[in-house]
Every structure is written in structure tokens, then in C-alpha cells.
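The values are calculated or read from the model by the stated rules, or taken from the named source; none is laboratory data. Please read these numbers as outputs of a predicted model, since none were measured by experiment. FYI the Cβ positions are ideal-geometry reconstructions off the backbone, even for glycines, and counts take in every protein chain you see.
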Amino acid sequence: MVKKIILFITERTMLSRESAIKKIFSQHNSDTIFVTNTGYNSRAVYSIYPNNKNIIYMQGSMGLSPAIALGIAKNTDKDVVALVGDASLLMHLGITHTIRDQNLKNLFVYVLDNGCHESVGKYECASLEDSYPGVNSIINISCDGKLPRVNLDPEENSKNIIGIFSG
């Protein structure tokens, strides 16, 4: 069986981080669970969707959003989206093979590629390949700078996570 792939960018055009996030969210319905990892991607998601209770902010989990999303997707019928930066993905690249092998129809992994570890000083990272197993789309984004931190304390984030699974 072939995994369903959503591709909305057919060439490696550069988008702003905000535009890329909005495009990803527009590809999925309101019941979709989104998992973000640490850094500016989480901040950008929060700045666009501060009241969305279906977003799990995994602060401090650099590179682990695809693995966390895989675990969630195995335990729900809802679509689950992992948002991960390029440098973060490279830290745990092996998860792409596990995601490919699991072949879950409700799991989508989007990589936002700005070519660096932007949130820790814009340190350059290794260039990504054009595709990876288990990754739906790699989207070139610009380095758009620092937004305010996610204004969600761990207790509130935990309540949102519990609400996702009990509702």
C-alpha cells in the first residue's frame, strides 16, 4: 500500500515561515492534531493559532515531533501532523524509516527547511536531500526571526493534550 502524500509545493520555492505554516494547516481539517517541536516554528504556530486546542507544543524536544506524532497517530483515527525544522529532523533522522515502515494513513510530516538552526544563532546545518522516507513535504522557508515565546504554561498544554484524547 502506498502512503497518501499531500504535496502543495511542486518546486523548491522559498516561502515565509508563516505562509508555509498556513498552507500546511489549510491542507487539514479542524480535528487534526498538530505536533510542533522546539524553536521558532512553535513560536510561529502559536502566533498564528493561539487559541487552537489541537496543537501540542513539545518545547525542548528538538527533532522529536515526528516520533511523538507517530505515537499519537498509532492511537487515534484523527489526522496527525508533525512540524519539524530541517536541523531538528537531522538530529533524529532514523525516525523517517520507522514512519515509512509503519505507513499510517493519518500521519503527515512536514519539514520547514531554512538551512540552519535559526533559534540558537542561525548556525548552518547540513543540506537536506530532496526527500526522505516518511516525510510528506520539505518546504523551503526564509529565516524570519524571533517571535514571542509560546504563551502556554506546561499545565495548560497538558490539559489541551488530555482534551485531545478524551474529547
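Among the residues making up region 58-93, a single one is within 18 Å of residue 131 (Cβ to Cβ), at pLDDT 95 or above and not aliphatic (A, V, I, L, M): 66.
Just one of the listed residues (90, 112, 128, 83) is aliphatic (A, V, I, L, M), surrounded by fewer than 19 Cβ atoms within 10 Å (Cβ to Cβ) and touching a strand residue (DSSP E or B) at 6+ places or on another chain (Cβ under 8 Å), and it is 128. Checking every residue in region 125-144 against the condition of being in contact (Cβ under 8 Å) with a residue 60 or more places away in the chain, of a type in the set (Gly, Ala, Ser) and assigned to a loop (DSSP other than H, G, I, E, B) gives at least one match. Within region 149-161, is even one residue in contact with a Ser or Thr (Cβ under 7 Å, 6 or more places away or on another chain), in a loop (DSSP other than H, G, I, E, B) and either at pLDDT below 95 or of a type in the set (Val, Ile, Thr) (or both)? Checked region 149-161: at least one residue is in contact with a Ser or Thr (Cβ under 7 Å, 6 or more places away or on another chain), in a loop (DSSP other than H, G, I, E, B) and either at pLDDT below 95 or of a type in the set (Val, Ile, Thr) (or both).
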